[in-house]
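Trainee: The structure's right below; bear with me while I get my questions together.
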Amino acid sequence: MSLATEVQWRDAVRIVITGGTGFVGRRLVRRLIRDGHVLHLLVRPGRTGVGPSVECSVWDVLAGEPPGEALAPADAIVHLAGEPVAQRWTPETKRRIRDSRVAATQRLVAALARLPQRPRVLVCASAVGYYGSRGDEILTEDSSPGRGFLPEVCVAWERAAAEAEALGLRVVRLRIGIVLGPEGGALARMLPPFRLGAGGRLGPGSQWMSWIHVEDLVDLIRFALTADGFRGAVNAVAPNPVRNSEFTETLATVLRRPALVPTPALALRVLFGEMAEAVLLASQRVFPRAAEAAGFSFRYPGLASALRNLLAE
């Protein structure tokens, strides 16, 4: 990907966001408000209380298309909605994981197709689960998808988003890694045991973890909204993936605690079933080649500095 030129919108931009009440979405909303943009959130029923400065419309992603009147005046769409993956996978859970991504994106694009005037850009979440578990293999945006449930979901998810290109939208598909923030995601679940000195590696600890500081992810989404020519698949990960053993040792060091209590792989499989193998024990050594080639600069490229910043918040 060639170096992208960042476009500065002169006036406030109207941005529609799905998943805006989630862990990443809340940070993104706060930043875009500070940037002076006008936001409209598509939220689940009962999740409209985000404050008087933000418009909201209800959209049940599993039930139907988003309301066209919410999309009609939009300049840009950020699509982050999706059922959490980090839970035990029953057949019903897997259906919700797939439908909340693939079917919901298909419904969003179908609603966009009906608009007489469409947004300029769609930034759609995807995940490094696209690659499956690949051991020590170096993975870039040009790497092939893996095999299994998550890769299949991600391939279909991205294909649904890419359909918006035929409508004239610039589409960016962010393959997001492990997002680090103290208030949500993997780090929030790890902090209580690690603060008690009861943390440690997961399984063998040799699996690669591709991570990103939550504020770098917010910056990358903002960059994707405004960078002319930035399109297609983009790995939303820091440029320095680490093995799980290094991640846990670094977290323990930053917290000034030991990391002496590993969780055996068998225990993870018993507790979480298929999800343990596909997520917790999966090895994904992913690099952000497209973002770097486009001129994006990470504020927190190294794990230790990222964790120190987050734990000082």
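The values are calculated or read from the model by the stated rules, or taken from the named source; none is laboratory data. These numbers were taken from a predicted model, which means no experiment stands behind them. Backbone-built Cβ (ideal geometry, glycine too); neighbour counts: all protein chains shown.
Trainee: Of all the residues that make up the range 1-18, how many are crowded, with 19+ Cβ neighbours inside 10 Å and at pLDDT below 95?
Mentor: Selection size over the range 1-18: 2.
Trainee: Residue check: is ALA224 in contact with a helix residue (DSSP H, G or I) (Cβ under 8 Å, 6 or more places away or on another chain), within 28 Å of VAL29 (Cβ to Cβ) and buried (at least 23 other Cβ atoms within 10 Å of the Cβ)?
Mentor: no
Trainee: Follow-up. Looking only at the range 166-187, count how many residues are surrounded by fewer than 19 Cβ atoms within 10 Å (Cβ to Cβ) and either touching a residue at least 24 places away in the same chain (Cβ under 8 Å) or in contact with a Phe, Trp or Tyr (Cβ under 6 Å, 6 or more places away or on another chain) (or both).
Mentor: 6
Trainee: Which numbered condition trips up GLY295, out of (1) over 21 Å from the mean Cα position of the chain (by Cα); (2) surrounded by fewer than 18 Cβ atoms within 10 Å (Cβ to Cβ)?
Mentor: GLY295 satisfies all of (1) over 21 Å from the mean Cα position of the chain (by Cα); (2) surrounded by fewer than 18 Cβ atoms within 10 Å (Cβ to Cβ) except (1).
Trainee: Still on this structure, I have one more. Filter the range 196-237 for residues that are part of a loop (DSSP other than H, G, I, E, B) and either farther than 25 Å from PRO258 by Cα or among the charged types (D, E, K, R) (or both); which is farthest from the chain's Cα centre (by Cα)?
Mentor: Taking the candidates together, the pick is ARG201.
Trainee: Restricting attention to the range 261-308, and to residues there that are among the basic types (Lys, Arg) and not in a helix (DSSP H, G or I), which single residue is nearest to PRO145 (Cα to Cα)?
Mentor: Checking each candidate, the answer is ARG285.
Trainee: Mind listing whichever residues of the range 86-111 are free of Cβ contacts under 8 Å to residues at least 40 places away in the same chain and closer than 17 Å to GLY129 by Cα?
Mentor: THR93, ARG95, ARG96, ASP99, SER100
Trainee: Also, quick follow-up: Mind listing whichever residues of the range 62-110 are in contact with an Asp or Glu (Cβ under 8 Å, 6 or more places away or on another chain) and among the β-branched types (Val, Ile, Thr)?
Mentor: Across the range 62-110, the qualifying residues are THR93, ILE97, VAL109.
Trainee: With LEU307, LEU217 as the choices, which residue is within 30 Å of ALA164 (Cβ to Cβ), in contact (Cβ under 8 Å) with a residue 40 or more places away in the chain, buried (at least 16 other Cβ atoms within 10 Å of the Cβ) and in contact with a helix residue (DSSP H, G or I) (Cβ under 7 Å, 6 or more places away or on another chain)?
Mentor: LEU217
Trainee: To continue, here is another question. Can you name every residue in the range 255-266 that is under 20 Å from GLY197 (Cβ atoms) and touching a helix residue (DSSP H, G or I) at 6+ places or on another chain (Cβ under 9 Å)?
Mentor: Residues satisfying the conditions are LEU255, ARG257, PRO258, ALA259, LEU260, VAL261, PRO262, THR263.
Trainee: Next question, about the same structure. Could you grab me the full set of residues in the range 258-299 that are among the acidic types (Asp, Glu) and within 18 Å of PHE223 (Cβ to Cβ)?
Mentor: Within the range 258-299, just GLU292 meets the criteria.
Trainee: Please go through the range 237-262 and give me each residue that is surrounded by fewer than 19 Cβ atoms within 10 Å (Cβ to Cβ) and touching a residue at least 60 places away in the same chain (Cβ under 8 Å), ordered by number.
Mentor: Listed by number, the residues that qualify are PRO239, ASN240, LEU255, ARG257, PRO258, LEU260, VAL261, PRO262.
Trainee: Output the number of residues of the range 101-136 satisfying the condition of being under 14 Å from the mean Cα position of the chain (by Cα) and of a type in the set (S, T, N, Q).
Mentor: Number satisfying all stated conditions: 1.
Trainee: Out of LEU28, LEU32, report the one residue that is under 30 Å from ARG289 (Cα atoms), modelled with pLDDT of 90 or more, surrounded by 15 or more Cβ atoms within 10 Å (Cβ to Cβ) and in contact with a helix residue (DSSP H, G or I) (Cβ under 6 Å, 6 or more places away or on another chain).
Mentor: LEU28
Trainee: Go over the candidates ARG101, ARG95 one by one and state the one that is over 23 Å from ARG26 (Cα atoms), of a type in the set (Lys, Arg) and at pLDDT 95 or above.
Mentor: Exactly one residue qualifies, and that residue is ARG95.
Trainee: Quick check on my filter: what residues within the range 113-143 are farther than 25 Å from PHE23 by Cα, of a type in the set (A, V, I, L, M) and either surrounded by 14 or more Cβ atoms within 10 Å (Cβ to Cβ) or without any contact (Cβ under 8 Å) to a residue 12 or more places away in the chain (or both)?
Mentor: LEU115, LEU139
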